[in-house]
Amino acid sequence: MKRILPARFCFSPISTKHSKIHQSCARFNSIIFCFSRVKAGRRKFLRKLIYSLAKTFPMKKALKIEIVRHSLAHILAAAVYEMFPDARFGIGPEIENGFYYDFDLPRTLIPEDLEILEEKMRRLITENHKFEKAEIPIPKILKKLKSLKQPYKIELVKEIQKENLKIKTVSVFKTSHFIDLCSGPHVDSTGEINPKSFKLTKISGAYWKGNEKNKMLQRIYGVAFATEKELEKYLEMIAEAEKRDHRKLGKELDLFCFSNLVGPGLPLFTPKGTIIIDELQKYVEAVCRKHGFEKVSTPHLAKIDLFEKSGHKQKFGEELFHVKSHHKQDYVLKPVQCPHQTQIYASKIRSYRDLPIRYMESNKQYRDEKPGEISGLSRVIAITVEDGHSFCRLDQVKNELEVMIKIIRDFYEALGLWGKHWVSLSVRDPKHPEKYIGDKKDWDLCENMLKEVSDTMKLGAQKREGEAALYGPKLDFMFRDALGKEIQIPTVQLDFATAKRFNLSYIDKDGKEKNPVMVHRAILGSYERFLVLLIEHFAGAFPLWLSPVQVEVIPVSEKFEKYAKEVLKKMTDNDIRATMNPADESLGKRIRNAQNQKINYMLIVGEKEKKAKSVAVRDREKGDLGAMKIEKFLEKIQKEIKDKS
Ligand SMILES: [Zn+2]
Ligand SMILES: [Zn+2]
């Protein structure tokens with residue numbers, strides 16, 4: 001969420017970024033000012049200020065699309081009311097690219113309903129109904145809503161009343177036969193809307209007010225643009241993103257699955273998915289080893305004391321998993337890797353000459369996520385994290401930061417992902433120093449150092465206040481998934497606090513005991529989230545070195561299966577990940593299958609190839625490459641794997 005400075009509130013266009021619209025939020029043009037973090041006493045004043053601004057500077061013409069989107073939400077509700085006279089209405093704001101409305105309906109909606117509703121909406125638009133505004137005294141509207149059996153709206157009115165006792169009336173808008181509680185703004189009449197430039201896109205469940213303790217309502221999403229052409233362009237983009245969706249491709253390419261019996265948010269990686277993870281791990285460890293990292297391994301759980309000392313118990317609160325033991329001592333599943341690794345450092349006396357000490361580890365960590373927030377591999381409970389730490393002297397920090405950034409650059413360059421990111425210099429929220437641990441002096445030093453290194457390494461980092469970690473500022477490398485949603489993956493974090501908390505020390509040149517500085521770094525971060533980026537970026541067509549199946553041998557007919565097996569053996573003997581598809585189906589169909597499975601090379605063998613001890617090579621992208629001796633093909637593919645090309 002973007003933060004406005006220096007006041008204690010954030011603002012955000014009504015978008016997915018601001019998924020929760022609080023009752024206390026105020027709206028100015030298309031911007032919602034969120035006061036959820038503001039002291040209750042100051043909220044009223046700020047809300048008043050925003051409203052007076054909104055009156056003085058009315059909506060500009062350029063922002064009209066937001067009005068159209070919000071008006072469409074009303075029209076959708078009117079259409080739903082026609083279809084289900086018993087419908088109970090929740091809320092219906094505009095969002096990025098469109099709008100939604102939440103309903104409590106007598107039956108579950110099916111996709112076909114969207115077409116019927118769209119038709120009804122188009123009819124309402126062409127009938128050109130006015131949006132008629134009325135100010136109604138609160139007791140009267142409550143009575144009316146009661147007679148209409150609208151419990152959610154009644155709740156909203158009561159909240160408005162509770163927030164400001166002076167409010168005596170609420171504004172309602174009537175469109176056709178549908179009346180809705182709303183302060184606007186809307187189009188003057190439905191006829192102003194282009195009936196061809198919107199579309200209802202999906203139905204999903206949504207808890208009333210986003211609270212899982214409340215009833216689950218049905219949410220209908222729609223998208224809307226100024227022109228039909230813009231709508232088409234957007235729908236094309238979405239269709240492309242859906243093709244790349246990691247959940248869809250993960251299934252089609254057999255990379256991971258979920259089991260109801262195991263539980264949601266606990267991905268199971270198949271043999272193919274595991275190959276990708278292993279290859280990534282091997283590569284990231286090889287890059288880090290070159291820069292002096294040593295691998296360590298720590299358990300999945302620890303006594304709560306460890307996380308109490310690190311500050312994570314307080315930070316993660318209900319996200320911590322508690323493990324009951326039969327023997328007095330209870331444990332928690334680790335939510336992060338760092339505290340465990342500090343104890344390896346602490347196991348020996350360290351001298352200034354020993355530093356920097358760099359540990360790395362790929363291991364699981366666990367967060368008790370809310371069921372509603374779990375999604376594909378993007379948000380999981382069991383997270384496989386590639387994590388590393390450097391324990392160093394103050395005079396070594398700058399070099400350490402540079403080393404970490406170099407590793408990140410090398411790794412992402414090899415994947416062709418470098419340059420597809422932007423960097424956030426995530427610093428403290430200056431208004432909430434109590435949210436962080438450590439001295440102010442150390443924080444100032446850390447923030448300056450990160451800024452300096454990001455400048456010398458030309459990262460073009462953008463400063464974001466309030467995004468720092470619990471114990472220090474960081475550089476976050478941000479990427480986007482297929483739908484354009486930001487995902488933060490690599491990170492480099494400075495930390496003066498943890499070593500002090502754990503009494504980590506080294507004997508300096510002058511014989512005095514000093515605390516080392518900790519630099520936390522994640523190169524590919526969580527493997528799960530990294531896979532989201534990777535699958536969606538490559539649309540499942542992984543580079544050769546990462547591909548679960550690099551080669552498929554395809555005999556043209558049964559007669560050549562024996563030779564195909566020989567070729568296959570040659571491949572697997574040389575560590576090429578290869579399979580053979582026997583001649584049970586037509587040649588064309590098997591080639592298409594291999595193509596759909598995004599296998600890098602198909603080796604087609606028949607009479608000619610058998611005689612010449614060769615293979616007819618087909619490249620996934622370039623098509624037919626012609627015949628090649630087996631040895632020659634092996635040489636070619638081994639070089640490509642080695643070069644990661
Ligand atoms: Zn409205
Ligand atoms: Zn760490």
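I'm trying to understand the selection: among the residues of segment 351-370, which are assigned to a loop (DSSP other than H, G, I, E, B), within 16 Å of ligand 2 (Cβ to nearest atom) and over 24 Å from LEU333 (Cα atoms)?
Once the filter is applied, which keeps residues that are assigned to a loop (DSSP other than H, G, I, E, B), within 16 Å of ligand 2 (Cβ to nearest atom) and over 24 Å from LEU333 (Cα atoms), segment 351-370 yields only PRO356.
Examine segment 495-502 for a residue that is more than 16 Å from ligand 2 (Cβ to nearest atom), in contact (Cβ under 8 Å) with a residue 40 or more places away in the chain and either surrounded by fewer than 22 Cβ atoms within 10 Å (Cβ to Cβ) or in a strand (DSSP E or B) (or both), and state whether such a residue exists.
Scanning segment 495-502 turns up no residue that is more than 16 Å from ligand 2 (Cβ to nearest atom), in contact (Cβ under 8 Å) with a residue 40 or more places away in the chain and either surrounded by fewer than 22 Cβ atoms within 10 Å (Cβ to Cβ) or in a strand (DSSP E or B) (or both).
Can you tell me which of ASP387, ASP439 is surrounded by 17 or more Cβ atoms within 10 Å (Cβ to Cβ), in contact (Cβ under 8 Å) with a residue 12 or more places away in the chain and among the charged types (D, E, K, R)?
ASP387
Kindly list, by first and then second residue, each pair from a residue in segment 158-187 that is at pLDDT below 85 to a residue that is of a type outside the set (A, V, I, L, M, F, W, C), limited to pairs with Cβ atoms under 6 Å and residues at least 6 apart or on different chains.
Final answer for the pair search is THR175/HIS74; THR175/HIS129; SER176/HIS129; SER183/SER171.
Six or more apart or on different chains, Cβ under 7 Å: which pairs go from a residue in segment 614-633 that's closer than 17 Å to PHE542 by Cα and assigned by TED's automatic domain parsing to the domain that holds PHE560 to one that's basic (Lys, Arg) and outside any strand (DSSP E or B)? Could you list them?
ARG620/LYS598
Determine whether segment 32-44 contains at least one residue that is within 16 Å of ligand 1 (Cβ to nearest atom) and at pLDDT below 95.
For segment 32-44, residues within 16 Å of ligand 1 (Cβ to nearest atom) and at pLDDT below 95: present.
Inside segment 390-419, can you point out the residues that are over 26 Å from the mean Cα position of the chain (by Cα) and more than 13 Å from CYS288 (Cβ to Cβ)?
Residues satisfying the conditions are PHE391, CYS392, ARG393, LEU394, ASP395, GLN396, VAL397, LYS398, ASN399, GLU402.
Checking the condition under 20 Å from PRO151 (Cα atoms), over 29 Å from the mean Cα position of the chain (by Cα) and not in a helix (DSSP H, G or I), which residue from ASP102, ASP86 passes?
ASP86
GLY263 - would you say it is surrounded by fewer than 16 Cβ atoms within 10 Å (Cβ to Cβ), in a loop (DSSP other than H, G, I, E, B), on the phi > 0 side of the Ramachandran plot and within 16 Å of ligand 1 (Cβ to nearest atom)?
When the stated conditions are applied, GLY263 does not pass them.
Please give the number of the condition ASN214 fails out of (1) more than 21 Å from the chain's Cα centre (by Cα); (2) in contact (Cβ under 8 Å) with a residue 24 or more places away in the chain; (3) more than 30 Å from LYS64 (Cβ to Cβ).
(2)
Kindly indicate the residue of segment 503-536 that is among the acidic types (Asp, Glu) and touching a strand residue (DSSP E or B) at 6+ places or on another chain (Cβ under 7 Å) and also farthest from LYS420 (Cα to Cα) among those meeting that condition.
Applying the filter and picking the extreme gives GLU513.
In segment 371-390, what residues are within 23 Å of ASP442 (Cβ to Cβ) and either away from ligand 2 (no atom under 11 Å from the Cβ) or among the polar types (S, T, N, Q) (or both)?
Once the filter is applied, which keeps residues that are within 23 Å of ASP442 (Cβ to Cβ) and either away from ligand 2 (no atom under 11 Å from the Cβ) or among the polar types (S, T, N, Q) (or both), segment 371-390 yields only SER390.
Any residue in segment 194-201 that is modelled with pLDDT under 90 and either loosely packed, with under 15 Cβ neighbours inside 10 Å or more than 29 Å from PRO106 (Cα to Cα) (or both)?
no
Quick one: would you say ALA382 is modelled with pLDDT under 90 and either of a type outside the set (D, E, K, R) or within 19 Å of the chain's Cα centre (by Cα) (or both)?
No, not satisfied.
Residues in segment 512-528: is at least one touching a Lys or Arg at 6+ places or on another chain (Cβ under 9 Å), assigned to a helix (DSSP H, G or I) and either surrounded by fewer than 21 Cβ atoms within 10 Å (Cβ to Cβ) or in contact (Cβ under 8 Å) with a residue 40 or more places away in the chain (or both)?
Yes, some residue in segment 512-528 is touching a Lys or Arg at 6+ places or on another chain (Cβ under 9 Å), assigned to a helix (DSSP H, G or I) and either surrounded by fewer than 21 Cβ atoms within 10 Å (Cβ to Cβ) or in contact (Cβ under 8 Å) with a residue 40 or more places away in the chain (or both).
Conditions (1) of a type in the set (Asp, Glu); (2) in a strand (DSSP E or B), marked per residue:
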position	(1), (2)
VAL549	no, no
VAL553	no, yes
ALA564	no, no
PRO582	no, no
ASN593	no, no
ALA616	no, yes
GLU621	yes, no
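Across segment 371-421, which residue is farthest from ARG247 (Cα to Cα) among those that are basic (Lys, Arg) and outside any strand (DSSP E or B)?
ARG393
Of everything in segment 394-409 that's buried (at least 18 other Cβ atoms within 10 Å of the Cβ) and not β-branched (Val, Ile, Thr), which residue is nearest to LYS509 (Cα to Cα)?
Filtering segment 394-409 for residues that are buried (at least 18 other Cβ atoms within 10 Å of the Cβ) and not β-branched (Val, Ile, Thr), the one nearest to LYS509 (Cα to Cα) comes out as GLN396.
Condition check: at pLDDT below 90, under 27 Å from the mean Cα position of the chain (by Cα) and outside any strand (DSSP E or B). Does LYS313 satisfy that?
So LYS313 passes the test.
Within segment 611-629, how many residues turn out to be surrounded by 18 or more Cβ atoms within 10 Å (Cβ to Cβ) and under 39 Å from the mean Cα position of the chain (by Cα)?
Result for segment 611-629: 2.
Looking only at segment 269-291, decide whether some residue is under 24 Å from the mean Cα position of the chain (by Cα), surrounded by fewer than 18 Cβ atoms within 10 Å (Cβ to Cβ) and either part of a loop (DSSP other than H, G, I, E, B) or among the hydrophobic types (A, V, I, L, M, F, W, C) (or both).
Scanning segment 269-291 turns up at least one residue that is under 24 Å from the mean Cα position of the chain (by Cα), surrounded by fewer than 18 Cβ atoms within 10 Å (Cβ to Cβ) and either part of a loop (DSSP other than H, G, I, E, B) or among the hydrophobic types (A, V, I, L, M, F, W, C) (or both).
The values are calculated or read from the model by the stated rules, or taken from the named source; none is laboratory data. As the structure is a computational prediction, the values presented were derived from the model and not from experiment. Glycine gets a Cβ as well: all are built from the backbone with ideal geometry, and neighbour counts include every protein chain shown.
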